[in-house]
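Undergrad: Handing you this structure, nothing more for now.
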Amino acid sequence: MATRQARSEQTRRAIVKAALVVLGRDGAARLTFGAVAREAGLSKGAVTRHFPSKKDLLQGILAFRAETFRALRNDFVATQPSDAAPQFIVGQIAMMRAMVENAQSPARAIFSALLDAPEAMQEMGQRIASSLVKAQAETVDPDLAHLRWAAGWGLGLLSVFGLSPFSEDERNQLFNKLGNSDLWRPLEKPAETK
Amino acid sequence: MDNVTRSEQSRLKAIKAAHAILTRDGVGALTFDALAAESGLSKGGLLHQFATKEELLNALLEHRQQFITETVSGYNADAQTAVPEPLLHGHLAALQGLSGGEHKAVNLALLAALVQAPELLHQVSADHVESLAQIRDEAVDADLASLRWLAASGLLFMDLLGWVPLSEEDGKALFDRLNDTAAWHPAKDL
(Lines give C-alpha, C1' and ligand atoms only; values in the text may rest on other atoms or scores of the structure.)
Protein backbone atom coordinates (compact mmCIF):
# COMPACT_ATOMS: atom_id res chain seq x y z
CA MET A 1 0.00 0.00 0.00
CA ALA A 2 1.31 3.40 -0.89
CA THR A 3 2.42 5.46 2.06
CA ARG A 4 0.97 8.89 2.61
CA GLN A 5 4.25 10.38 1.40
CA ALA A 6 4.26 8.35 -1.80
CA ARG A 7 0.66 9.37 -2.50
CA SER A 8 1.54 12.98 -1.94
CA GLU A 9 4.47 12.67 -4.34
CA GLN A 10 2.15 11.13 -6.93
CA THR A 11 -0.25 14.04 -6.61
CA ARG A 12 2.60 16.54 -6.99
CA ARG A 13 3.65 14.81 -10.20
CA ALA A 14 0.09 14.71 -11.50
CA ILE A 15 -0.19 18.47 -10.86
CA VAL A 16 3.12 19.21 -12.61
CA LYS A 17 2.10 17.08 -15.60
CA ALA A 18 -1.27 18.85 -15.77
CA ALA A 19 0.54 22.22 -15.65
CA LEU A 20 2.74 21.13 -18.56
CA VAL A 21 -0.37 20.20 -20.55
CA VAL A 22 -1.93 23.61 -19.84
CA LEU A 23 1.31 25.41 -20.77
CA GLY A 24 1.69 23.47 -24.00
CA ARG A 25 -1.93 23.80 -25.06
CA ASP A 26 -2.94 27.25 -23.82
CA GLY A 27 0.33 29.14 -23.29
CA ALA A 28 1.97 30.74 -20.28
CA ALA A 29 -0.69 33.43 -19.86
CA ARG A 30 -3.39 30.80 -19.21
CA LEU A 31 -1.43 28.96 -16.53
CA THR A 32 -3.74 29.52 -13.55
CA PHE A 33 -4.42 27.35 -10.50
CA GLY A 34 -7.99 26.89 -11.72
CA ALA A 35 -6.87 25.63 -15.14
CA VAL A 36 -4.29 23.27 -13.61
CA ALA A 37 -6.80 21.90 -11.11
CA ARG A 38 -9.35 21.25 -13.88
CA GLU A 39 -6.73 19.51 -16.01
CA ALA A 40 -5.54 17.35 -13.09
CA GLY A 41 -9.07 16.55 -11.93
CA LEU A 42 -8.32 17.99 -8.50
CA SER A 43 -9.77 20.79 -6.44
CA LYS A 44 -8.03 24.15 -6.54
CA GLY A 45 -7.36 23.72 -2.82
CA ALA A 46 -5.56 20.43 -3.45
CA VAL A 47 -3.29 22.16 -5.98
CA THR A 48 -2.44 25.12 -3.75
CA ARG A 49 -1.76 22.77 -0.84
CA HIS A 50 1.11 21.32 -2.86
CA PHE A 51 2.11 24.53 -4.59
CA PRO A 52 1.10 27.60 -2.53
CA SER A 53 2.23 30.09 -5.18
CA LYS A 54 2.76 30.25 -8.92
CA LYS A 55 6.47 30.51 -8.20
CA ASP A 56 6.35 27.16 -6.36
CA LEU A 57 4.49 25.61 -9.28
CA LEU A 58 7.10 26.85 -11.77
CA GLN A 59 9.91 25.53 -9.60
CA GLY A 60 8.08 22.19 -9.46
CA ILE A 61 7.87 22.16 -13.27
CA LEU A 62 11.57 22.97 -13.64
CA ALA A 63 12.61 20.32 -11.11
CA PHE A 64 10.50 17.75 -12.97
CA ARG A 65 12.06 18.70 -16.29
CA ALA A 66 15.58 18.69 -14.87
CA GLU A 67 14.89 15.16 -13.61
CA THR A 68 13.50 14.07 -16.99
CA PHE A 69 16.50 15.46 -18.87
CA ARG A 70 18.94 13.94 -16.38
CA ALA A 71 17.32 10.55 -16.98
CA LEU A 72 17.57 11.09 -20.75
CA ARG A 73 21.24 11.98 -20.41
CA ASN A 74 21.95 8.93 -18.23
CA ASP A 75 20.18 6.65 -20.74
CA PHE A 76 22.26 8.24 -23.47
CA VAL A 77 25.53 7.81 -21.60
CA ALA A 78 24.63 4.15 -20.93
CA THR A 79 24.38 3.53 -24.70
CA GLN A 80 27.87 4.93 -25.36
CA PRO A 81 30.76 2.52 -25.88
CA SER A 82 32.45 1.88 -22.57
CA ASP A 83 36.04 2.00 -23.88
CA ALA A 84 36.05 5.79 -24.05
CA ALA A 85 35.14 7.70 -20.91
CA PRO A 86 32.01 9.62 -21.92
CA GLN A 87 32.58 13.33 -21.92
CA PHE A 88 30.22 15.50 -19.90
CA ILE A 89 29.65 17.83 -22.85
CA VAL A 90 28.44 14.97 -25.07
CA GLY A 91 25.68 14.23 -22.56
CA GLN A 92 24.85 17.95 -22.40
CA ILE A 93 24.47 18.12 -26.18
CA ALA A 94 22.21 15.04 -26.07
CA MET A 95 20.09 16.83 -23.46
CA MET A 96 19.78 19.99 -25.58
CA ARG A 97 18.72 17.79 -28.48
CA ALA A 98 16.11 16.10 -26.31
CA MET A 99 14.78 19.53 -25.32
CA VAL A 100 14.09 20.27 -29.00
CA GLU A 101 12.80 16.84 -30.00
CA ASN A 102 10.66 16.07 -26.95
CA ALA A 103 7.21 17.15 -28.10
CA GLN A 104 5.89 16.57 -24.57
CA SER A 105 7.89 19.48 -23.24
CA PRO A 106 6.39 22.82 -24.18
CA ALA A 107 9.75 24.51 -23.73
CA ARG A 108 8.70 27.78 -25.32
CA ALA A 109 5.72 28.21 -23.00
CA ILE A 110 7.90 27.30 -20.03
CA PHE A 111 10.42 29.98 -20.98
CA SER A 112 7.64 32.56 -21.28
CA ALA A 113 6.35 31.60 -17.84
CA LEU A 114 9.88 31.72 -16.45
CA LEU A 115 10.44 35.30 -17.54
CA ASP A 116 7.77 36.29 -15.01
CA ALA A 117 9.46 34.30 -12.24
CA PRO A 118 12.87 35.78 -11.51
CA GLU A 119 13.76 33.31 -8.76
CA ALA A 120 12.98 30.19 -10.77
CA MET A 121 14.83 31.81 -13.66
CA GLN A 122 17.85 32.37 -11.46
CA GLU A 123 17.88 28.76 -10.26
CA MET A 124 17.75 27.57 -13.85
CA GLY A 125 20.63 29.93 -14.64
CA GLN A 126 22.72 28.47 -11.83
CA ARG A 127 22.19 24.95 -13.14
CA ILE A 128 23.13 26.02 -16.66
CA ALA A 129 26.19 28.00 -15.56
CA SER A 130 27.48 25.03 -13.56
CA SER A 131 27.09 22.79 -16.62
CA LEU A 132 29.37 25.19 -18.51
CA VAL A 133 31.97 25.05 -15.75
CA LYS A 134 31.95 21.24 -15.87
CA ALA A 135 32.22 21.18 -19.66
CA GLN A 136 35.20 23.55 -19.48
CA ALA A 137 36.92 21.62 -16.69
CA GLU A 138 37.26 18.42 -18.75
CA THR A 139 39.19 19.99 -21.63
CA VAL A 140 42.53 21.66 -22.37
CA ASP A 141 40.70 24.42 -24.28
CA PRO A 142 37.98 26.06 -22.12
CA ASP A 143 37.16 28.70 -24.76
CA LEU A 144 36.44 26.08 -27.41
CA ALA A 145 34.34 24.11 -24.90
CA HIS A 146 32.45 27.33 -24.15
CA LEU A 147 31.76 27.90 -27.86
CA ARG A 148 30.71 24.28 -28.46
CA TRP A 149 28.39 24.44 -25.45
CA ALA A 150 27.01 27.82 -26.63
CA ALA A 151 26.43 26.46 -30.15
CA GLY A 152 24.41 23.60 -28.65
CA TRP A 153 22.31 26.04 -26.64
CA GLY A 154 22.04 28.33 -29.66
CA LEU A 155 20.66 25.50 -31.79
CA GLY A 156 18.42 24.29 -28.95
CA LEU A 157 16.97 27.68 -28.02
CA LEU A 158 16.52 28.93 -31.59
CA SER A 159 14.64 25.72 -32.40
CA VAL A 160 12.50 25.91 -29.29
CA PHE A 161 11.65 29.56 -29.94
CA GLY A 162 10.79 28.87 -33.58
CA LEU A 163 13.75 30.96 -34.80
CA SER A 164 15.93 28.24 -36.25
CA PRO A 165 16.89 28.60 -39.91
CA PHE A 166 17.69 24.89 -40.22
CA SER A 167 15.64 22.02 -41.62
CA GLU A 168 15.17 18.94 -39.46
CA ASP A 169 17.90 17.11 -41.41
CA GLU A 170 20.33 20.01 -41.03
CA ARG A 171 19.52 20.27 -37.33
CA ASN A 172 20.15 16.55 -36.80
CA GLN A 173 23.44 16.79 -38.64
CA LEU A 174 24.52 19.81 -36.58
CA PHE A 175 23.62 18.07 -33.31
CA ASN A 176 25.57 15.01 -34.51
CA LYS A 177 28.62 17.15 -35.17
CA LEU A 178 28.26 18.95 -31.84
CA GLY A 179 28.13 15.61 -30.07
CA ASN A 180 31.11 14.13 -31.90
CA SER A 181 34.25 14.93 -29.91
CA ASP A 182 36.48 13.53 -32.67
CA LEU A 183 35.52 16.53 -34.82
CA TRP A 184 36.33 19.03 -32.06
CA ARG A 185 39.64 17.63 -30.88
CA PRO A 186 41.64 18.90 -33.92
CA LEU A 187 40.33 22.42 -33.18
CA GLU A 188 41.62 22.41 -29.61
CA LYS A 189 44.33 24.83 -28.62
CA PRO A 190 45.79 24.50 -25.13
CA ALA A 191 44.76 27.51 -23.06
CA GLU A 192 47.42 30.16 -22.72
CA THR A 193 48.67 30.55 -19.18
CA LYS A 194 47.52 33.90 -17.93
CA MET B 1 11.47 70.80 -40.72
CA ASP B 2 8.86 68.83 -42.65
CA ASN B 3 6.39 66.41 -41.11
CA VAL B 4 8.12 63.27 -42.31
CA THR B 5 11.36 64.22 -40.59
CA ARG B 6 9.51 65.23 -37.46
CA SER B 7 7.63 61.94 -37.40
CA GLU B 8 10.85 60.00 -38.03
CA GLN B 9 12.55 61.85 -35.19
CA SER B 10 9.83 61.11 -32.68
CA ARG B 11 9.82 57.48 -33.82
CA LEU B 12 13.54 57.20 -33.06
CA LYS B 13 13.03 58.98 -29.76
CA ALA B 14 10.34 56.45 -28.84
CA ILE B 15 12.56 53.52 -29.84
CA LYS B 16 15.43 54.85 -27.71
CA ALA B 17 13.05 55.30 -24.76
CA ALA B 18 11.76 51.74 -25.22
CA HIS B 19 15.35 50.45 -25.10
CA ALA B 20 15.93 52.34 -21.85
CA ILE B 21 12.79 50.82 -20.28
CA LEU B 22 13.63 47.28 -21.41
CA THR B 23 17.17 47.55 -20.04
CA ARG B 24 16.23 49.14 -16.73
CA ASP B 25 12.85 47.61 -15.87
CA GLY B 26 12.57 44.41 -17.93
CA VAL B 27 10.37 43.22 -20.77
CA GLY B 28 7.19 43.31 -18.69
CA ALA B 29 7.51 47.04 -18.06
CA LEU B 30 7.12 48.22 -21.65
CA THR B 31 3.75 49.99 -21.72
CA PHE B 32 2.61 53.09 -23.62
CA ASP B 33 2.33 54.96 -20.29
CA ALA B 34 5.91 54.09 -19.37
CA LEU B 35 7.01 55.00 -22.89
CA ALA B 36 5.32 58.40 -22.70
CA ALA B 37 6.97 59.14 -19.36
CA GLU B 38 10.40 58.03 -20.58
CA SER B 39 10.36 59.73 -23.98
CA GLY B 40 8.55 62.94 -23.07
CA LEU B 41 6.19 62.31 -26.00
CA SER B 42 2.43 62.29 -25.47
CA LYS B 43 0.64 58.97 -25.21
CA GLY B 44 -1.66 60.14 -28.01
CA GLY B 45 1.32 60.88 -30.22
CA LEU B 46 2.83 57.49 -29.47
CA LEU B 47 -0.43 55.70 -30.26
CA HIS B 48 -0.65 57.65 -33.50
CA GLN B 49 2.86 56.44 -34.35
CA PHE B 50 2.51 52.78 -33.33
CA ALA B 51 -1.23 52.12 -32.68
CA THR B 52 -0.63 48.84 -30.81
CA LYS B 53 1.93 47.14 -28.61
CA GLU B 54 2.58 44.70 -31.46
CA GLU B 55 3.48 47.55 -33.81
CA LEU B 56 5.81 48.99 -31.21
CA LEU B 57 7.53 45.62 -30.73
CA ASN B 58 7.71 45.20 -34.48
CA ALA B 59 9.41 48.58 -34.80
CA LEU B 60 11.98 47.43 -32.21
CA LEU B 61 12.56 44.19 -34.11
CA GLU B 62 12.98 46.12 -37.38
CA HIS B 63 15.47 48.41 -35.68
CA ARG B 64 17.41 45.34 -34.53
CA GLN B 65 17.39 43.81 -38.01
CA GLN B 66 18.51 47.13 -39.49
CA PHE B 67 21.50 47.15 -37.12
CA ILE B 68 22.44 43.63 -38.28
CA THR B 69 22.01 44.43 -41.98
CA GLU B 70 24.04 47.64 -41.72
CA THR B 71 26.83 45.96 -39.77
CA VAL B 72 27.04 43.11 -42.30
CA SER B 73 27.13 45.43 -45.32
CA GLY B 74 29.52 47.82 -43.54
CA TYR B 75 31.83 44.92 -42.86
CA ASN B 76 31.76 43.83 -46.47
CA ALA B 77 32.30 47.36 -47.79
CA ASP B 78 35.48 47.64 -45.75
CA ALA B 79 38.29 46.82 -48.17
CA GLN B 80 40.60 45.74 -45.37
CA THR B 81 38.45 42.81 -44.35
CA ALA B 82 39.64 40.31 -46.90
CA VAL B 83 38.57 37.03 -45.31
CA PRO B 84 37.43 33.86 -47.04
CA GLU B 85 33.95 34.00 -45.48
CA PRO B 86 32.98 37.69 -45.37
CA LEU B 87 29.25 37.16 -44.70
CA LEU B 88 29.90 34.89 -41.73
CA HIS B 89 32.33 37.47 -40.36
CA GLY B 90 29.84 40.27 -40.99
CA HIS B 91 27.18 38.41 -39.02
CA LEU B 92 29.63 37.60 -36.24
CA ALA B 93 30.48 41.31 -36.09
CA ALA B 94 26.77 42.17 -35.85
CA LEU B 95 26.17 39.63 -33.07
CA GLN B 96 29.27 40.85 -31.23
CA GLY B 97 27.90 44.39 -31.56
CA LEU B 98 24.60 43.27 -30.02
CA SER B 99 26.38 41.45 -27.19
CA GLY B 100 27.55 44.48 -25.26
CA GLY B 101 27.50 48.22 -24.77
CA GLU B 102 24.66 50.42 -25.96
CA HIS B 103 23.43 47.91 -28.55
CA LYS B 104 22.66 45.27 -25.96
CA ALA B 105 19.35 47.06 -25.48
CA VAL B 106 18.62 46.69 -29.20
CA ASN B 107 18.76 42.92 -28.81
CA LEU B 108 16.26 42.96 -25.93
CA ALA B 109 13.57 43.43 -28.58
CA LEU B 110 13.92 39.71 -29.26
CA LEU B 111 13.15 38.79 -25.67
CA ALA B 112 10.26 41.25 -25.48
CA ALA B 113 8.70 39.85 -28.65
CA LEU B 114 9.24 36.28 -27.47
CA VAL B 115 7.20 36.94 -24.36
CA GLN B 116 4.59 39.38 -25.58
CA ALA B 117 4.04 38.74 -29.27
CA PRO B 118 5.69 35.52 -30.47
CA GLU B 119 3.86 35.73 -33.81
CA LEU B 120 6.11 38.68 -34.68
CA LEU B 121 9.09 36.34 -34.68
CA HIS B 122 8.16 34.89 -38.08
CA GLN B 123 10.04 37.76 -39.67
CA VAL B 124 13.13 37.14 -37.52
CA SER B 125 12.96 33.49 -38.49
CA ALA B 126 12.73 34.43 -42.19
CA ASP B 127 15.74 36.74 -41.79
CA HIS B 128 17.68 33.88 -40.19
CA VAL B 129 16.81 31.55 -43.07
CA GLU B 130 18.07 34.10 -45.59
CA SER B 131 21.27 34.89 -43.66
CA LEU B 132 22.19 31.27 -43.07
CA ALA B 133 21.56 30.31 -46.69
CA GLN B 134 24.11 32.97 -47.69
CA ILE B 135 26.57 32.03 -44.95
CA ARG B 136 26.41 28.34 -45.86
CA ASP B 137 26.69 29.14 -49.55
CA GLU B 138 30.00 31.00 -49.22
CA ALA B 139 31.43 28.70 -46.56
CA VAL B 140 34.43 26.40 -46.87
CA ASP B 141 32.52 24.03 -44.56
CA ALA B 142 28.82 24.92 -44.32
CA ASP B 143 28.20 23.07 -41.04
CA LEU B 144 31.23 24.54 -39.34
CA ALA B 145 30.19 28.06 -40.44
CA SER B 146 26.68 27.35 -39.09
CA LEU B 147 28.12 26.18 -35.78
CA ARG B 148 30.20 29.36 -35.46
CA TRP B 149 27.08 31.46 -36.05
CA LEU B 150 25.14 29.29 -33.59
CA ALA B 151 27.85 29.67 -30.94
CA ALA B 152 27.59 33.46 -31.22
CA SER B 153 23.78 33.24 -31.06
CA GLY B 154 23.97 30.93 -28.04
CA LEU B 155 26.30 33.30 -26.19
CA LEU B 156 23.84 36.13 -26.81
CA PHE B 157 20.83 34.12 -25.66
CA MET B 158 22.59 33.06 -22.47
CA ASP B 159 23.43 36.69 -21.74
CA LEU B 160 19.98 37.98 -22.72
CA LEU B 161 18.22 35.46 -20.46
CA GLY B 162 20.65 36.35 -17.67
CA TRP B 163 21.76 32.72 -17.29
CA VAL B 164 25.41 33.13 -18.16
CA PRO B 165 26.15 36.85 -18.40
CA LEU B 166 28.92 37.55 -20.89
CA SER B 167 31.63 39.74 -19.41
CA GLU B 168 33.36 42.19 -21.71
CA GLU B 169 36.62 40.28 -21.39
CA ASP B 170 35.12 36.83 -22.07
CA GLY B 171 33.02 38.25 -24.88
CA LYS B 172 36.08 39.66 -26.57
CA ALA B 173 38.12 36.47 -26.22
CA LEU B 174 35.28 34.26 -27.47
CA PHE B 175 34.40 36.46 -30.44
CA ASP B 176 38.11 36.75 -31.33
CA ARG B 177 38.21 32.97 -31.40
CA LEU B 178 35.04 32.77 -33.53
CA ASN B 179 36.56 35.25 -35.99
CA ASP B 180 39.90 33.47 -36.23
CA THR B 181 39.63 31.65 -39.57
CA ALA B 182 42.81 29.64 -38.98
CA ALA B 183 41.48 28.30 -35.68
CA TRP B 184 38.49 26.70 -37.45
CA HIS B 185 40.37 25.31 -40.43
CA PRO B 186 43.59 23.89 -39.04
CA ALA B 187 46.22 23.81 -41.80
CA LYS B 188 46.68 20.04 -41.58
CA ASP B 189 43.08 19.51 -42.71
CA LEU B 190 43.45 21.51 -45.89
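The values are calculated or read from the model by the stated rules, or taken from the named source; none is laboratory data. In this text the structure is predicted, and so the values were computed from the model without any measurement. Please note: Cβ atoms are built from the backbone with ideal geometry, for glycine as well, and neighbour counts cover all protein chains shown. What goes into the accessible areas is simple: the full protein's heavy atoms, side chains included, and nothing from ligands, DNA or RNA. Shrake-Rupley method; radii C 1.70, N 1.55, O 1.52, S 1.80 Å.
Undergrad: On a full-extension model of 0.36 nm per residue, what is the gain between A:ALA78 and A:LYS134, subtracting their alpha-carbon distance, rounded to one decimal in nm?
TA: Details: separation 56, 0.36 × 56 = 20.16 nm, distance 1.93 nm.
Stretched out fully, the A:ALA78 to A:LYS134 stretch lengthens by 18.2 nm.
Undergrad: Net charge near B:ALA34, counting Lys/Arg +1 and Asp/Glu -1 over other residues with Cβ under 11 Å of its Cβ?
TA: On the way: positive: B:ARG24, B:LYS43; negative: B:ASP25, B:ASP33, B:GLU38.
Every neighbour counted, the sum reads -1.
Undergrad: Could you list, bin by bin from short to long, the percent of Cα-Cα pairs of segment B:1-74 in 5 Å steps?
TA: Answer for segment B:1-74: a P(r) of 3, 16, 25, 25, 17, 9, 4, 1 percent.
Undergrad: For segment A:1-52, take N as its residue count and report Rg(C-alpha) divided by 2.2 N^0.38 Å.
TA: So segment A:1-52 has a normalised radius of gyration of 1.14.
Undergrad: Once Rh is set to the Kirkwood radius over Cα pairs, what Stokes-Einstein translational diffusion coefficient, in µm²/s, holds for the protein assembly as shown at a temperature of 10 °C and a viscosity of 1.306 mPa s? Don't skip to the end; give the middle numbers.
TA: Details: Rh = 22.7 Å.
Reported coefficient: 70 µm²/s.
Undergrad: Expressed in nm to one decimal, what extension gain is obtained for the pair A:ALA71 and A:LYS44 from 0.36 nm per residue of sequence separation less their Cα-Cα distance?
TA: Result: 6.7 nm gained on full extension.
Undergrad: In chain B, what percent of the accessible surface is made up of carbon and sulfur (1.4 Å probe, ligands and nucleic acids excluded)?
TA: Values: 4710 of 8800 Å².
Percent of accessible area from carbon and sulfur atoms in chain B: 53.
Undergrad: Per-residue mean of other chain beta-carbon atoms within 10 angstrom of the beta-carbon, peptide B:139-147?
TA: 4
Undergrad: Counting only protein heavy atoms and a 1.4 Å probe, tell me what percentage of chain A's accessible area is made up of carbon and sulfur.
TA: On the way: 5110 of 10100 Å².
Carbon and sulfur atoms account for 51 percent of the accessible area of chain A.
Undergrad: Which links in A:LYS55/A:LYS134; A:LYS17/B:LYS53; B:LYS13/B:LYS43 stretch past 21 Å when you go from one Cα to the other?
TA: Over 21 Å Cα-Cα: A:LYS55/A:LYS134; A:LYS17/B:LYS53.
Undergrad: Here's a follow-up. Quick one: 3J(HN,Hα) in Hz for segment A:32-39, Karplus 6.51/-1.76/1.60 with θ = phi - 60°, rounded, Gly and Pro as x.
TA: In residue order, the calculated couplings are 10, 4, x, 5, 5, 4, 4, 5 Hz.
Undergrad: Moving on. Tell me the Rg and the Dmax, in Å, that the Cα atoms of segment A:63-194 produce.
TA: Looking at segment A:63-194, its Cα Rg and Dmax stand at 15.3, 46 Å.
Undergrad: Sketch the reach of a paramagnetic label on B:ALA142 as a point 7 Å from Cα along Cα-to-Cβ, and name the residues of segment A:155-169 whose backbone nitrogen lies under 14 Å away.
TA: It comes to A:165-169, nothing else.
Undergrad: In Å², rounded to the nearest 100, what is the total accessible surface buried by chains B and A against each other with a 1.4 Å probe?
TA: Interface area, both chains combined: 3400 Å², rounded to the nearest 100.
Undergrad: When chain A is treated as a GNM, springs tying every alpha-carbon pair under 10 Å, which of A:ILE110, A:ILE93, A:ILE128 comes out with the largest mean-square fluctuation?
TA: Most flexible of the set in this elastic network: A:ILE128.
Undergrad: Taking only protein heavy atoms and a 1.4 Å probe, what accessible area per residue, in Å², does segment B:79-174 have with all protein chains in place?
TA: Heavy-atom SASA per residue in segment B:79-174 reads 38 Å².
Undergrad: Would you mind getting me the FRET efficiency between B:GLN9 and B:ALA133? Use the beta-carbon distance for r and R0 = 30 Å, nearest 0.05.
TA: Step by step, r from the Cβ atoms, then E = 0.25.
Undergrad: With a probe of 1.4 Å, find how much accessible area chain A has per residue, and write the answer as a whole number in Å².
TA: 52 Å²
Undergrad: If N is the number of residues in chain B, what value comes out of its Cα radius of gyration divided by 2.2 N^0.38 Å? Working shown, then result.
TA: Working: Rg = 18.4 Å, N = 190, 2.2 N^0.38 = 16.2 Å.
My calculation over the Cα atoms of chain B gives 1.14.
Undergrad: Continuing with this model, one more query. What list of ³J(HN,Hα) values in whole Hz, one per residue of segment B:168-181 in order, does the Karplus curve 6.51 cos²θ - 1.76 cosθ + 1.60 (θ = phi - 60°) give from phi, with Gly and Pro shown as x?
TA: These are the phi-based 3J(HN,Hα) values: 4, 5, 4, x, 5, 4, 6, 6, 4, 5, 4, 7, 7, 3 Hz.
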